[in-house]
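Input: a single structure, listed below in structure tokens.
The values are calculated or read from the model by the stated rules, or taken from the named source; none is laboratory data. No experiment lies behind these values; they were computed from the predicted model shown. Reconstructed Cβ throughout: ideal geometry from the backbone, glycine too, with neighbour counts over all protein chains shown.
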Amino acid sequence: MTDPQDSQSRLRIVQVLNDSSGLTLQWTSIPGVSYQIEATNDLSAGWVNVATLTAEVMLSEIPNIDPTTGLDYRVRVITAVSN
């Protein structure tokens, strides 16, 4: 997954774009790994699934997210590549 010895090996949200079609969330990814994008309007109330994606490239994105789904977003790894 990520390499703790490599400072460049990390899961991070790279960019959030907001336009007339909604939000686009971009993050660093590893091909073959599945990610879940979650949102919340209240951090004490829990998270809801917005989308699930299996990465095909090193930079993944989910476009056209309805901005009313949340004020806060996170990306979680839900399945890793098997060795």
In segment 27-83, residue surrounded by the most Cβ atoms within 10 Å (Cβ to Cβ) [restricted to those that are in a loop (DSSP other than H, G, I, E, B) and without any contact (Cβ under 8 Å) to a residue 12 or more places away in the chain]: ASP42
First in segment 1-13 and closer than 17 Å to LEU59 by Cβ and surrounded by 10 or more Cβ atoms within 10 Å (Cβ to Cβ), second anywhere and of a type in the set (S, T, N, Q) and at pLDDT below 70, Cβ under 9 Å, 6 or more apart: SER9/THR2; ARG10/THR2; LEU11/THR2
